[in-house]
1. Show me the helices (runs of 4 or more DSSP H) entirely contained within segment 30-88 in which 3 or more residues are loosely packed, with under 13 Cβ neighbours inside 10 Å and without any contact (Cβ under 8 Å) to a residue 60 or more places away in the chain.
2. Take the residues in segment 18-29 that are part of a helix (DSSP H, G or I) and not hydrophobic (A, V, I, L, M, F, W, C), then tell me which one is surrounded by the most Cβ atoms within 10 Å (Cβ to Cβ).
3. Which numbered condition in (1) modelled with pLDDT under 90; (2) touching a Gly at 6+ places or on another chain (Cβ under 6 Å); (3) of a type in the set (A, V, I, L, M, F, W, C) is the only one that residue 45 fails?
Amino acid sequence: MSLHSIELIHSGDDLWADAEPCVSRDNIDFDSIKRGKYSIGAYALLCAAKDVYRGTGSMNIADMSDRSVIPDAVFGIICNVMMIKINLPPKGGRLGLLS
């Protein structure tokens, strides 16, 4: 289970209400999450969550840098989640700053 993906989904306007039934302890069933009624920002969060969870790349750098596609606040959320994901220690490991 990816807590990073859940954080991204949870950050969306009304996205979490529709996604919650599709989230189990072991899985996020992205294919069952309803689409079409979300803001551009919420849809971007859903795509980012799916990419983080599945290791895919449906969002590219051009999308991320285009303010008409990704609002500034959503860009900030995605960047924060990705920085946390990148900087987490390996399972059972310790953060370098705390070593």
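1. 61-65, 72-87
2. Looking at residues that are part of a helix (DSSP H, G or I) and not hydrophobic (A, V, I, L, M, F, W, C), I get 18.
3. Result: residue 45 passes all but (1).
Per-residue answers, yes or no, for (1) closer than 17 Å to residue 7 by Cβ; (2) small (Gly, Ala, Ser):
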| site | (1), (2) |
| --- | --- |
| 22 | yes, no |
| 30 | yes, no |
| 50 | yes, no |
| 60 | no, no |
| 68 | no, yes |
| 72 | no, no |
| 75 | yes, no |
| 80 | yes, no |
| 85 | yes, no |
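The values are calculated or read from the model by the stated rules, or taken from the named source; none is laboratory data. All values derive from a computational prediction rather than experimental measurement. Positions of Cβ are backbone-derived with ideal geometry, glycine not excepted, and every protein chain shown enters the neighbour counts.
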